Amino acid sequence: MSQEPILTIRGLHKSFGDNHVLRGIDLDVQQGDCIAILGASGSGKSTFLRCLNFMEIPSDGAITHAGKTIGTERPGKPRVYSEDELTKVRQKVGMVFQQFNLFPHKTVLGNITEGLRIVQGKDKASSDARAREELARVGLAEKADEYPSRLSGGQKQRVAIARALALAPELMLFDEPTSALDPELVGEVLNVIRGIADEGRTMLLVTHEIGFAYHVANRVIFMADGIIQEEGPPEQVLKNPQNPLTQAFLARHKQFEF
Amino acid sequence: MYEWDFTAVIENSGLLWQGLLGTLAITGTALAFGLPLGLMLALSRLSPRKWLAWPAGFIIEFFRTTPPLVQLFWFFFALPILMDIQMTPYLAAAITFSIQSSAFFAEVFRAGIVSIERGQWEAARAIGMQRPQAMRRIILPQAVKRMIPAFTERSIELMKTTTLVATVSYADLLYQANELAQKTFRPIEVFTVTALIYFTVIFGLSLCVQAVERRLAVSGDSTVR
C-alpha cells in the first residue's frame with residue numbers, strides 16, 4: 001500500500017549562469033525513506049539536495065512538501081518563492097553540511113538552542129532540555145558548554161546533526177556529512193546517522209560511502225550529468241547496475257575496496 | 001643649545017586639560033553617532049534592495065573621498081548661509097565627524113560582514129532564520145570580533161583628524177596648545193607636551209582594546225593568535 005509521498009519533485013532544473021547543473025529531476029520520497037544519492041563530483045547531487053531546502057532556488061520545476069507545492073506559479077516563467085514561505089519550509093527540513101558550519105561564537109548547547117529559541121520561540125528552559133536530549137542522542141552530553149573550536153571534526157558533525165534534529169524536522173538532508181573528516185572519525189558520524197535512519201526518520205544523504213549506502217539506505221539514486229541515471233533498492237543499483245554510467249562509477253570505486 | 005623650560009607649560013596645564021576634554025568630547029560624540037550610523041550604512045549598502053544600497057554607497061564614497069577639512073568648513077560656514085542655520089563650532093564639528101567617521105566605519109563593518117564564510121549564512125538559514133535574524137545573531141557577532149583591529153585603527157585616525165576643529169575655533173587640545181604657545185613663547189615645550197598627551201591617551205586606549213580582544217579570543221576564533 002503506498003501512501004501520499006512527503007516530498008515530490010517534478011521537472012527540477014538548476015542553472016548557474018550558462019552552467020546547466022540539474023537537467024530535469026523527478027522523484028517521490030515516501031515517509032521513512034532513507035535515500036542515498038551517489039555520483040561523481042559535478043554530477044549535480046549536492047545541488048539537487050540543496051534545492052530541497054531552497055539553499056539553491058530551482059531554475060525550473062516544482063517541489064511539493066507534505067502535499068503543499070512551494071512557490072507561486074507564473075505562466076511561462078520559473079516559480080517565485082517568498083522569503084517567509086522558504087523560512088517555514090526550512091524549519092521542517094533539517095540540513096547537515098559537509099563543513100559542519102557550527103556557529104563558532106556559541107557553545108555547543110547555544111548552537112542547538114539557537115533555532116529553538118529564535119526561530120521556534122521556545123523558552124530557555126525547554127530549549128536547553130530539548131538540546132541536551134539531542135546531545136545525549138549523539139553521545140556528546142558532556143560537551144554542552146564547550147565551544148566548537150575545542151571539538152574534533154567528528155564531534156562537530158555530531159553537534160551539527162543534533163542542531164538539525166532538535167527542530168524536529170520531517171525530513172533530514174545530509175550533504176556529504178563525512179567527506180571533510182579524517183578517516184578514523186568517519187565511523188562515529190556514520191553510526192549516528194545510522195541510528196537516526198533506524199528510527200525511521202525520512203532522509204536523503206549525498207555520500208561517497210558506498211558501503212554505508214548499501215547497508216543503511218532503502219533506496220539508492222545514481223546521478224550523472226544532472227539527471228537521475230538509475231534508481232532502486234541498494235542490492236539492485238549497487239550489485240546489479242543496469243546503466244553503463246553506474247557500472248563505470250562503481251567499478252572505479254571498487255578499486256579502493258579491499 | 002636650546003634650554004628646555006617647562007615651567008610655563010606646567011603653570012598653565014589647566015588650559016591643556018580643558019583642550020584634552022574638548023578633544024575627547026568631540027571624538028566621543030563622533031564615535032557615539034558614527035558607529036551606529038556606520039552600521040546602518042553598511043547594512044544598507046549590503047542590502048539586496050537597490051533603493052537602499054545605492055544611496056548608502058553614495059554617502060559612504062562621498063564622505064570617504066572628500067577632505068574632512070572641506071566638510072567641516074561646509075557645515076560651519078556654508079550651511080548657515082544656505083539654510084540660515086547657525087551652528088556652534090562643537091555642533092558643526094560633531095556633525096562633520098559623525099558622518100565622516102560613519103562612512104569609514106561602514107566600510108569596516110562591511111569588510112567584517114563579507115569576511116564571514118558563506119556556510120555560516122547557510123547554517124542560519126537552514127534552521128529557518130530570516131536574513132535579519134541571521135545577520136544579527138550569527139553574522140554580526142563574528143564580524144565585530146574580526147573588525148576590532150580595523151576599528152581601533154579608524155578610531156585613532158578619528159581622534160587625530162579632530163585636530164581640524166581648531167580651524168573653526170573649537171577649543172580642542174591642539175587649539176589650546178596653540179593659544180598656550182603664543183601666550184608663553186614656548187612652542188617647543190607646549191607642542192612636545194601636547195604630542196605626549198595624544199600618545200598617552202591613544203596608546204592607553206589601544207592597550208585597553210587589545211585586552212578586550214584577548215578576552216574575546218577565549219570563545220573560539222579570533223584575531224589575536
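The values are calculated or read from the model by the stated rules, or taken from the named source; none is laboratory data. Keep in mind that this is a model prediction, so the values were computed, not measured. All Cβ positions, glycine included, derive from the backbone under ideal geometry; neighbour counts span all protein chains shown. The area values use the complete protein model at the heavy-atom level, side chains included, leaving out ligands, DNA and RNA. Shrake-Rupley method; radii C 1.70, N 1.55, O 1.52, S 1.80 Å.
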Subject >> Scan of the range B:141-168 for residues that are surrounded by fewer than 19 Cβ atoms within 10 Å (Cβ to Cβ), within 14 Å of chain A (Cβ to nearest Cβ) and either under 9 Å from the mean Cα position of the chain (by Cα) or aliphatic (A, V, I, L, M) (or both), ordered by number >> reply: B:VAL144
Original post:
Can you tell me which of B:ILE127, B:ILE138 is in contact with a Gly (Cβ under 7 Å, 6 or more places away or on another chain) and facing chain A (nearest Cβ under 9 Å)?
Top reply: B:ILE127
**OP:** State all residues of the range A:27-76 that are part of a loop (DSSP other than H, G, I, E, B) and under 17 Å from A:PRO169 (Cβ atoms); if no residue qualifies, say none.
**Re:** A:GLN30, A:GLN31, A:GLY32, A:ASP33, A:ASN53, A:PHE54, A:MET55, A:ALA66, A:GLY67, A:ILE70
Original post:
If we keep just the residues of the range A:148-162 that are within 13 Å of chain B (Cβ to nearest Cβ), buried (at least 21 other Cβ atoms within 10 Å of the Cβ) and not basic (Lys, Arg), which is farthest from A:GLU209 (Cα to Cα)?
Top reply: A:PRO148
Subject >> Per-region count, the range B:88-126, residues open to solvent by 10 Å² or more (accessible area, probe 1.4 Å), of a type in the set (A, V, I, L, M, F, W, C) and over 25 Å from B:SER155 (Cα atoms) >> reply: 1
Original post:
So, of the residues in the range B:99-124 that are acidic (Asp, Glu) and within 14 Å of chain A (Cβ to nearest Cβ), which turns out to be nearest to B:ILE59 (Cα to Cα)?
Top reply: B:GLU117
**OP:** Collect the residues in the range A:131-142 that are open to solvent by 60 Å² or more (accessible area, probe 1.4 Å) and either assigned to a loop (DSSP other than H, G, I, E, B) or among the basic types (Lys, Arg) (or both), keeping them in residue-number order.
**Re:** A:ARG132, A:ARG137
Original post:
Just checking, which of A:ASP128, A:ASP145, A:ASP84, A:ASP60 is within 28 Å of B:PRO132 (Cβ to Cβ), more than 9 Å from chain B (Cβ to nearest Cβ) and open to solvent by 10 Å² or more (accessible area, probe 1.4 Å)?
Top reply: A:ASP128
Original post:
Do you know which residues across the range A:231-250 are more than 19 Å from the chain's Cα centre (by Cα) and open to solvent by less than 60 Å² (accessible area, probe 1.4 Å)?
Top reply: A:VAL237, A:LEU238, A:PRO241, A:ASN243, A:THR246, A:ALA248, A:PHE249, A:LEU250
Subject >> Selected residue (only one of A:LEU49, A:LEU27 is within 20 Å of the chain's Cα centre (by Cα), within 14 Å of chain B (Cβ to nearest Cβ) and at pLDDT 95 or above) >> reply: A:LEU49
Original post:
So, in the range A:94-125, of the ones that are in a helix (DSSP H, G or I) and hydrophobic (A, V, I, L, M, F, W, C), which residue ends up farthest from the other protein chains (Cβ to nearest Cβ)?
Top reply: A:ALA125
**OP:** Determine which member of the set B:TRP54, B:TRP17, B:TRP74 is farther than 27 Å from B:ASN178 by Cβ, free of Cβ contacts under 8 Å to residues at least 24 places away in the same chain, surrounded by fewer than 20 Cβ atoms within 10 Å (Cβ to Cβ) and not polar (S, T, N, Q).
**Re:** B:TRP54
Subject >> Residues being open to solvent by 70 Å² or more (accessible area, probe 1.4 Å) and among the small types (Gly, Ala, Ser) - total across the range B:20-51 >> reply: 0
